[in-house]
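The values are calculated or read from the model by the stated rules, or taken from the named source; none is laboratory data. Note that the coordinates shown come from a computational prediction; the quantities given were computed from them, not determined experimentally. Positions of Cβ are backbone-derived with ideal geometry, glycine not excepted, and every protein chain shown enters the neighbour counts. Protein only, heavy atoms only, side chains kept; ligands, DNA and RNA dropped before computing areas. Shrake-Rupley method; radii C 1.70, N 1.55, O 1.52, S 1.80 Å.
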Amino acid sequence: MTSTARTSYTLIPNQKYRRSNRHSRQRCNVMDTDPQSLSTLGYFKTLPLEIFQMLLNYLSVKDISMLCMVSKTISNRLMTYISTPSGNRRLLLQDFHNIELPGKREGSYILEHYKSLGLLLKRCTLLLPTKDRLKYIHKILSEVSCFKLNGCPSPLHCLGLQCYGVLLQILTAGWDELECHRVFNSLCELSNLPRKVQTVVSSKPGSARKLELRIRLFYRSVLLNHWIHRRDSAFWLTRILKPWPMVNQARLLYIIFGPVSSLDGHVVWQKMIEGPTDETSLKGLADAIKLLYDTEAREWTADDVISLVDELSVVPREWLMENNARLLILSGNNICFTFMASKAVNGRAFELARLVVFLALVCEKDLYCMDWAVKMMQKVCKVFSTPGERNNFLQSMENAFAHMIMDMLQAVLSGDRDEEDISFLNLFHLVNAQANFHKEILYLTMRSNSNTI
């Protein structure tokens, strides 16, 4: 018993020593782990995957995107996390309809969140080929119904497409054009965009109003609205328009940038036909035309843009000439002159003369400087190859002034006046436009004579 007791007494500390020795050996084993594993995962290797993913819940999306730059192994783990149900719930916020809070702080927050998510997806797929990156990202984002063309029941009150747009903008920033081509082709394939666009550009305007609205919102919110540099906007607008013939390009341009109803957001097709419109209704179209005419849009020639403007002026039917003139003024001097010069070169002096009259009328109505219209006319006169052609144009312009005044006077004298007395007001503006236009011509002539003397 004595020896047994002694043995028992001596075994206890030995057992403690062995356990302590085992722990110390485990610590040593951690330090002696494969250097390759330590260089990629570090001490995260000792954590079960579930614990690692739980830790990610304490990091912001921006912090997670920084973490994925540590190593390829960490990046792979994060890609796995993003694909899990818990990662989906954490990262794919879907509160897209709560945008009526004071100052729209909720909307701003969710847009910032998707910017950060775009950066995370960009970084964690950095080493993958473009095709595999797009496949993985589509698999993740396919869970969000509001990112789809027909996914949201109330698209006008949804931030889903805007969030999708800022995510794609961050994701593709810095990509070369070939990769961006693949992004656009992927979007077209996944959304069946070409077939839907074919429907709206080949059917009667307004017959597919809901589809027109969805195409407009998708293109603007996802591909066009979020770019800082004009060359990027020009690239994506070119991708949208170039696959189609010129007549369809004009229709599609009107759908995307034309005037819409303030009540339901649908495209207003009769706006340019029924009466004079304001600058607000034309500004989107004018900005798009300037974007395509810009030197950054390398795939468009000046003739392409002028042909597009010409085609646009008959969508869905021939516009009022005043609306044509207002669009040209908003499009800038270069486009306006090139458009007018093309008419002069092609022998369309009578159309050109009427256009000059309406340019003067718009300058009078919208309070632009009338000497701009006179200088534009003077510049166009130099395009005519012979004095006879130039004189014929000037005579046509004076005739156009006279005929328009007589037509408007007849409308006033007929007594068919509406509540706003628009006929009399138009006559008033046209007479003033003619007077101020010729006053500027006299000023120009007198200055030229004084310089000669």
Qualifying residues in segment 147-162 (those that are within 17 Å of ASN98 (Cβ to Cβ), open to solvent by less than 30 Å² (accessible area, probe 1.4 Å) and aliphatic (A, V, I, L, M)) - the one farthest from the chain's Cα centre (by Cα): LEU159
Count - residues of segment 316-341 that are assigned to a helix (DSSP H, G or I) and more than 23 Å from PHE384 (Cα to Cα): 6
Residue under evaluation GLU318, criteria (1) surrounded by fewer than 20 Cβ atoms within 10 Å (Cβ to Cβ); (2) under 23 Å from the mean Cα position of the chain (by Cα); (3) within 22 Å of LEU352 (Cα to Cα), criterion not met: (2)
Any chance ARG214 is open to solvent by 40 Å² or more (accessible area, probe 1.4 Å), more than 30 Å from LEU126 (Cβ to Cβ) and not hydrophobic (A, V, I, L, M, F, W, C): yes
Helices (runs of 4 or more DSSP H) (entirely within segment 361-453) containing at least 2 residues that are acidic (Asp, Glu): 387-413
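If the requirement is being within 44 Å of the chain's Cα centre (by Cα), modelled with pLDDT of 85 or more, closer than 26 Å to SER83 by Cβ and open to solvent by 40 Å² or more (accessible area, probe 1.4 Å), which of these qualifies: LEU67, LEU49, LEU55?
Checking each option against the conditions leaves just LEU55.
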Residue among VAL362, VAL356, VAL309, VAL345 that is under 19 Å from PHE384 (Cβ atoms), crowded, with 20+ Cβ neighbours inside 10 Å and β-branched (Val, Ile, Thr): VAL356
Criterion (of a type in the set (Phe, Trp, Tyr), outside any loop (DSSP other than H, G, I, E, B) and at pLDDT below 95) met by exactly one of TYR109, TYR114, TYR164: TYR109
Some residue of segment 360-372 being out of contact with any Gly (no Cβ under 6 Å at 6 or more places or on another chain) and within 29 Å of THR238 (Cβ to Cβ): no
Subset of segment 247-302 [open to solvent by 40 Å² or more (accessible area, probe 1.4 Å), assigned to a helix (DSSP H, G or I) and within 22 Å of ARG209 (Cα to Cα)]: VAL247, LYS271, GLU274, THR280, LYS283
Near pairs, Cβ below 6 angstrom, 6+ apart or cross-chain, from segment 140-168 (touching a residue at least 60 places away in the same chain (Cβ under 8 Å) and of a type outside the set (D, E, K, R)) to any residue that is assigned to a loop (DSSP other than H, G, I, E, B) and open to solvent by less than 40 Å² (accessible area, probe 1.4 Å): LEU156/GLY265; CYS158/PHE96; CYS158/CYS152; LEU159/PHE96; LEU159/ILE99; GLY160/PHE96; GLY160/CYS152
